[in-house]
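Structure first, then comments.
The values are calculated or read from the model by the stated rules, or taken from the named source; none is laboratory data. Everything numeric in this text was worked out from a predicted model, so none of it was measured. Glycine also receives a Cβ, built like all others from the backbone with ideal geometry; neighbour counts cover every protein chain displayed. Just the protein is used for accessible areas: all its heavy atoms, side chains included, with ligands, DNA and RNA removed. Shrake-Rupley method; radii C 1.70, N 1.55, O 1.52, S 1.80 Å.
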Amino acid sequence: MKTIKEIFAIGKGPSSSHTMGPRKASLHFLASHKQAAAFRVTLYGSLAATGKGHLTDVAIEEVLAPVAPLEIVWRPQEFLTFHPNAMRFEALDAEGNTTDSQLIYSIGGGSIVCEGEEADQHNDIYDMSTMTEIMEWCNRHGRTYWEYVFAHEDADIKDYLRNVWHNMRGSVENGLSNEGVLPGPLNLPRKAASYFIRSQNYMDNLRTRGLVFAYALAVSEENASGGTIVTAPTCGSSGVVPSVLYHLQKSYDFSDVQIVRALATAGLVGAIVKHNASVSGAEVGCQGEVGVACAMAAAAASQLMGGSPAQIEYAAEMALEHHLGMTCDPVCGLVQIPCIERNAYAAARALDAQIYSFYTDGSHRVSFDNVVKVMKKTGHDLPSLYKETSEGGLAKHFDF
């Protein structure tokens, strides 16, 4: 299983698989083709279907167009076998002949895989890859999940997570201070600032919910505007984890050291899902994005509140289980409707999952690992029109 750094990537939205991934792929191809007379990039499947709404073409153009003329070809009906997010890069000579080409897949969370290479571009650093195994290790050694993470990651992981938290906190605060209309044809107004103000008029529980909504909206609106955010595990679900952690730090005065440990736990949950299933909406639907983000946030919240390994696992299990089957159907191919509201609801659900697990000793019948297996099977059974192609669901039945 890979480093949790792959779960927490810092960059600009609105999409980890459709914006960050293609940009990374463009840089990868350019590194060995700087003398090309021109470039051609063919986008397949989900990348082609919703690429314009996700600024896929912009991400590629920013890298390749300054070097040589660029042509982008869109093939939304053509799905390649390895992954729905596929792109072929071609280097052309002065006569327009292809001198070299490379097929690259954007597999979610900003990660890419080149044709002919294994998905694990980096060496495995974890000796276990299921929550059950790791929970048993924690119980056997009297440790918790963040200690397992720190025992396996490189020495710089704490500094990396501190930077992650700095950027997460910044995305919340930037989102709260920005107002106006989000880019795109929906003319969707930002709501985070007004939610934050209105929450002050309520008492206790309702105010808490309003604040969590505001924080999640703030990050999601920053993402939709192309601002700097942290994938957790993707751009489209980037509002869930920071909103929960920001709220808990404000409410309970948790230190940054404690937040970093909670992020380690959250990252471990995301890494387990990415290793055993997927966090790509184009592959398994929104259950792999917002559902996994909710599980990560629930585990992090449980960690902060003193949960046992079993209670933390249970919180994550419930959070993911109750997002099973969630489709990815972005209206106009934008990461706005229903994505932004889903982040706010998932943040509240994460806190509910943490509270629910605390009423138990952590014992339950369905394990987190079993839910991950079901999520993967459910995602593969979903028709492609419900997996980030904007051809079904809300994307098809929405008037604006």
Packing-based ranking, highest mean first, of 17-25, 217-225 given that Cβ atoms within 10 Å are counted: 217-225, 17-25
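Using only alpha-carbon positions, what ratio does the radius of gyration of segment 129-262 give when scaled by 2.2 N^0.38 Å? Walk me through the intermediate numbers first.
Details: Rg = 17.2 Å, N = 134, 2.2 N^0.38 = 14.1 Å.
Output field value: 1.22.
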Cα centroid separation, segment 1-52 to segment 142-180 (Å): 23 Å
Among SER384, VAL257, MET305 the positive-end extreme of the charge dipole of the chain (Cβ point charges): MET305
Rounded accessible area of CYS328 (nearest 10 Å², 1.4 Å probe): 10 Å²
Cβ-based net charge around CYS339, under 15 Å, with every Lys or Arg adding one and every Asp or Glu removing one: -2
For the chain, cysteines whose Cβ has no other cysteine Cβ within reach (under 4.7 Å): CYS114, CYS138, CYS235, CYS294, CYS332, CYS339
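Could you work out the helix-only [θ] at 222 nm for the chain, with each DSSP H run of four or more residues adding -39,500 (n - 2.57) and the total divided by the number of residues, to the nearest 500 deg cm²/dmol? Present the calculation step by step, with values, prior to reporting the outcome.
Numbers: 15 runs with 194 residues, N = 400.
Rounded to the nearest 500, it is -15500 deg cm²/dmol.
I'd like to check one number: the per residue accessible area of the chain, probe 1.4 Å, reported in Å² as a whole number. Please report the intermediate quantities before stating the final value.
Details: 16280 Å² over 400 residues.
That works out to 41 Å² per residue.
On a 28 Å Cα-Cα criterion, which of the cross-link pairs LYS2/LYS191; LYS24/LYS250; LYS5/LYS250 come out too long?
On the way: LYS2/LYS191 36 Å; LYS24/LYS250 35 Å; LYS5/LYS250 25 Å.
Where the Cα-Cα span goes over 28 Å, the pairs concerned are LYS2/LYS191; LYS24/LYS250.
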Span-rule helices in the chain, defined as complete DSSP H runs reaching 24 Å or more along the axis (Cα) with Kyte mean at least -1.0: 157-177, 204-224, 256-276, 339-358
Per principal axis, descending, Cα span of segment 71-150 in whole Å: 66, 26, 18
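Working with all protein chains in place, sort TYR252, TYR246 by solvent-accessible area computed with a 1.4 Å probe, largest first.
On the way: TYR252 130, TYR246 15 Å².
So, going from the largest accessible area down, we get TYR252, TYR246.
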In nm, spacing of pseudo-spin labels at ASN97 and ASN201 (7 Å Cα→C-beta vector): 7.1 nm
Selection from GLY333, VAL63, LEU80, by position along the positive dipole direction of the chain (Cβ): GLY333
Centroid-to-centroid separation of segment 283-317 and segment 59-121 [C-alpha atoms, Å]: 34 Å
Lys, Arg +1 and Asp, Glu -1 on Cβ, resulting dipole of segment 304-384 about Cα centre, debye, nearest 20: 140 debye
Formal net charge of residues neighbouring PHE79 (Cβ-Cβ distance under 14 Å; K, R +1; D, E -1): -1
Accessible surface ranking that places the most exposed of THR144, THR98 first, with a 1.4 angstrom probe: THR98, THR144
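Which order do LYS396, LYS158 take when ranked by solvent-accessible area (1.4 Å probe, heavy atoms of all protein chains), largest first?
LYS396, LYS158
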Whole-percent pair-distance distribution, where bins are 5 Å wide, for the alpha carbons of segment 279-321: 6, 30, 25, 17, 12, 7, 3, 0
Amide proton proximity set for LEU382, modelled H, under 5 Å, gap of 5+: none
Kirkwood hydrodynamic radius (C-alpha pairs) into Stokes-Einstein, the chain, 37 °C and 0.692 mPa s, D in µm²/s: 156 µm²/s
Residue of GLY175, GLY281, GLY142 that the Gaussian network model of the chain assigns the largest fluctuation, springs spanning Cα pairs under 10 Å: GLY142
Apportionment of accessible area to carbon and sulfur, the chain, percent (1.4 Å): 49 percent
